[in-house]
1. Share of antiparallel DSSP beta bridges in region 12-91, in percent to the nearest 5?
2. Taking chymotrypsin sites (Phe, Trp or Tyr not before Pro) as candidate sites, keep only those in a DSSP loop with at most 11 other Cβ atoms within 10 Å, then name the longest stretch of the chain containing none of them.
3. Which entries of Lys34/Lys171; Lys34/Lys141; Lys34/Lys201; Lys111/Lys143 have Cα-Cα distances beyond 32 Å here?
4. With r defined as the distance between the Cβ atoms of Asp168 and Lys42 and R0 fixed at 30 Å, what FRET efficiency is calculated, to the nearest 0.05?
5. Just to be sure I understand: if I project the alpha-carbon convex hull of region 3-210 onto a plane and average over all orientations, what area do I get in nm²?
6. Once the other residues with Cβ under 14 Å from the Cβ of Tyr131 are scored (Lys, Arg +1; Asp, Glu -1), what is the net sum?
7. For Cα pairs less than 8 Å apart in space and 6+ apart in sequence, what is the mean separation divided by the residue count of the chain, i.e. the relative contact order in percent?
Amino acid sequence: MATWKKKFTRFYLPLIAGCGFMCGALYGQWAYQKSKIETYLKVNIEGIISEQERNLNVSFQGRPSFIVTRSINPFNFMFYNAGQDTIEVDMRGFNLFTLPNDDPRMAQLLKSGLSHELGHFYIDKLHEQDYGRDYSPDSVKRKFLGEGMAEHFHVDGKPDHFYDSLHDMVKPFLETNGVSEGIRYVFEHENEISLPENLEKMAQQAQATFK
Ligand SMILES: [Zn+2]
């Protein structure tokens, strides 16, 4: 056999076959994971919204759309797109290789993240109703206020420490006035609400970087 042929059958062919097999397996895993997440959404979204409506005494206007995708943003595993009224779920957030598909932690992660994103949706709809436009986080301060308010909609799992402090910042407004009126209060008094010192510093630094 010619040397190149030998090389091809002994080295390149198994390599190509191996890569093909890996790609096929990976694609199969992605597809499986995607359908699991889509099924979870179909079965559970209404239950999560009902829980939020009961706990927070709110009423959702309509429903967002959902997209299960592979890559949106390196920092988020879920993201609410106000312009499209869509919640995007990034499968990379679910540790494909370490978290088995039927692991209850996956459902918990989904529920926890979705409840927060549904909060963004609720806030956005309220803003649209009152001001005729999306609630776009166009400053770091507004981003912080928006995250804190969305965190109020959490129905499962413990929010991480950073989100906890954003939540603490707006919680008194939402508790004193009722959730919807509290959110409206934050809309109307954004300039007067002062951030805690550490968050103010962080907001100023981040704002300077993104300008
Ligand atoms: Zn958020």
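Rule-based calculations on the coordinates, nothing more; no lab input. Because the structure is predicted, anything quoted here is derived from the model rather than measured. Every residue, glycine as well, gets a Cβ built from its backbone with ideal geometry; the counts of neighbours run over all protein chains shown.
1. Roughly 45 percent of the beta bridges in region 12-91 run antiparallel, per DSSP.
2. Between exposed loop sites, the widest span is 98-211.
3. Values: Lys34/Lys171 35 Å; Lys34/Lys141 34 Å; Lys34/Lys201 40 Å; Lys111/Lys143 22 Å.
Exceeds cut-off: Lys34/Lys171; Lys34/Lys141; Lys34/Lys201.
4. 0.30
5. 15.5
6. Taking every Cβ under 14 Å from that of Tyr131, the sum is -3.
7. 16
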